[in-house]
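Can you read through this structure? Questions will come right after.
The values are calculated or read from the model by the stated rules, or taken from the named source; none is laboratory data. All values derive from a computational prediction rather than experimental measurement. Every residue, glycine as well, gets a Cβ built from its backbone with ideal geometry; the counts of neighbours run over all protein chains shown. Note: areas computed on protein heavy atoms with side chains; ligands, DNA, RNA excluded. Shrake-Rupley method; radii C 1.70, N 1.55, O 1.52, S 1.80 Å.
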Amino acid sequence: MIKTPTRTPIPNRFKGKVALVTGGTNGIGHAIALELLREGATVAVTGLPADVEGGRAAFAAAGFSPLILAGDMADEKFCRKLVAELLAKHGRIDCLVNNAFSFIAKGLDATREDFERSFNVGPFAFALLTQLVAEPMKKAGGGAIVNVSSISAWIAQPNRWTYNTAKGAVAQLTRCAALDLVPYKVRVNSVSPGWIWTREVDKAAGNDRATYDPIWGQFHMLARMGHPIEIAGPVLFLLSDDASFITGTDLPVDGGYNGLGPEGLGQNTKIAGTK
């Protein structure tokens, strides 16, 4: 059995703060939202209608009941409605985590609709929400935004024109938004996770983590897959005042994936002059 890492929350680090986490009903988004709740934030999350009940149950099991808004991030009306509802309820938004994304992995067979879905749920929605929260954050004295990117934003992978291109756009959006939002006292950063045990990855592994963790883990220096909770900690750091001098930056949370050369972990590599 693969043991899930844990982290110790910093009590009240986000007390009095209001946070919005998209795609927060499962996976990485759920872990981020849950850790924000544990550190005192008032949190609202979004999720597809089919995921809402499961997300609500998962939060309840941890002792929390955040506001959950059901909708599709590709829907501009929904994006505008959720920000308006959150402002009406709490009067402010201090933290935004753009996490929801559509995993469409296609290359030569990709259709315009595939690209549109990838971008509408991803960078287009990220940009719109950033625009919508900028002024409220300025009025609240500043804020922080973290976009969930991916190792796929930085490398070539087979049959990934759609997903990788959309994630690459997130990286550039992060830098440009960070520059333009300096007068608003809003910092904008991103994280790029490696292979993480999420629902989709579990499905691809046939729910057999013990078998696939070392197989897929060999692409990472740490020789294992990551867990959603291991993305949550770095995201909370970037949202916090501890990252007050960090903006326009991507933080790789990839277990060394992008730093690993073609020799891999070196098990089958003999270097000249060594025994």
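Toward the positive end of the charge dipole of the chain, about the Cα centre and with charges on Cβ (Lys, Arg +1; Asp, Glu -1), which of MET221, PHE115, TRP154 goes farthest?
Selected residue: MET221.
When the chain is modelled as a GNM with alpha-carbon springs shorter than 10 Å, which of PHE126, PHE101, PHE237 fluctuates the most?
In this elastic network of the chain, the residue with the biggest mean-square fluctuation among PHE126, PHE101, PHE237 is PHE237.
Another question, if that's okay. Only loop residues by DSSP count here, and only those with at most 10 other Cβ atoms within 10 Å; note down the trypsin sites (Lys or Arg not before Pro) in the stretch 7-58 that meet that. Each step should come with its number before you reach the end.
Details: sites: ARG7, ARG13, LYS15, LYS17, ARG38, ARG56; in loops: ARG7, ARG13, LYS15, LYS17.
Here the sparse-neighbourhood loop sites are LYS15.
In the neighborhood of CYS176, defined by Cβ-to-Cβ distances under 14 Å, what is the net charge if each Lys or Arg adds +1 and each Asp or Glu adds -1?
0
Another question, then. Using the alpha-carbon atoms, what tilt in degrees (0 to 90, nearest 10) does helix 161-180 show relative to the longest principal axis of the chain?
Helix 161-180 and the main axis of the chain meet at about 50 degrees.
Ok, one more. So what are the ³J(HN,Hα) numbers for the stretch 117-130, from phi and the Karplus equation (6.51, -1.76, 1.60; θ = phi - 60°), rounded to whole Hz, Gly and Pro as x?
Calculated HN-Hα couplings, in order: 5, 4, 7, 5, 6, x, x, 5, 5, 4, 5, 4, 5, 4 Hz.
While we're here: What does the net charge come to around GLY226 if you take all other residues with beta carbon closer than 11 Å to its beta carbon, with K and R at +1 and D and E at -1?
Working: positive: ARG224; negative: ASP213, GLU230, ASP254.
Within the 11 Å Cβ shell, the charges total -2.
Between ILE229, ILE145, ILE104, find the one with the highest GNM mean-square fluctuation for the chain; connect C-alpha pairs within less than 10 Å.
ILE104
Which shape class applies to the stretch 52-159: rounded if a/c is under 1.5, otherwise prolate when a/b exceeds b/c and oblate if not, where a ≥ b ≥ c are the square roots of the Cα gyration tensor eigenvalues?
In terms of gyration-tensor shape, prolate.
Same structure, new question: Extent of the stretch 130-275 along each principal axis, from alpha carbon coordinates, in Å, largest to smallest?
Cα spread of the stretch 130-275 along its principal axes, largest to smallest: 61, 40, 30 Å.
Here's a follow-up. Treating cross-link reach as a plain straight distance, find the lysines whose alpha-carbon is under 17 Å from the alpha-carbon of LYS185, omitting any fewer than eight places away in the same chain.
LYS17, LYS138, LYS139
Where a Cα-Cα gap under 19 Å defines reach, which lysines qualify for LYS81, not counting those fewer than 8 residues away within the same chain?
LYS89
On to the next question. With the cut-off at 1.5 for a/c, could you classify the stretch 1-122 from its C-alpha gyration tensor as rounded, prolate or oblate?
Details: a/c = 2.16, a/b = 1.38, b/c = 1.56.
It comes out oblate by the Cα gyration axes.
Further, regarding this structure: Between beta-carbons, use under 12 Å as the cut-off and find the net charge around ALA58, counting Lys and Arg +1, Asp and Glu -1. Can you show the working numbers first?
Working: positive: ARG56, ARG199; negative: ASP51, GLU53.
In short, 0.
Here's another thing I want to ask about it. For the chain, what % of the accessible area comes from carbon and sulfur atoms, probe 1.4 Å? Display every interim value, and only then the final one.
Details: 7570 of 13600 Å².
Looking at the chain in its full context, I get 56 percent from C and S.
Also: In debye, nearest 20: dipole of the stretch 93-150 around its Cα centre with unit charges on the Cβ of K, R (+) and D, E (-)?
Working: 5 positive and 6 negative charges, 30 e Å.
So the dipole magnitude of the stretch 93-150 works out to roughly 140 debye.
Which whole-number value in Å² is the accessible area per residue of the stretch 200-251, probe 1.4 Å?
Working: 2680 Å² over 52 residues.
Per residue, the stretch 200-251 has 52 Å² of solvent-accessible surface.
Please check: in the Gaussian network model of the chain (C-alpha springs, under 10 Å), which one of PRO158, PRO66, PRO252 has the largest mean-square fluctuation.
In the Gaussian network model the winner is PRO158.
Ignoring everything except DSSP H segments at least 4 long, calculate the 222 nm mean residue ellipticity for the chain; use -39,500 (n - 2.57) per segment, divide by total residues, nearest 500.
Values: 9 runs with 107 residues, N = 275.
Value at 222 nm, helices only: -12000 deg cm²/dmol.
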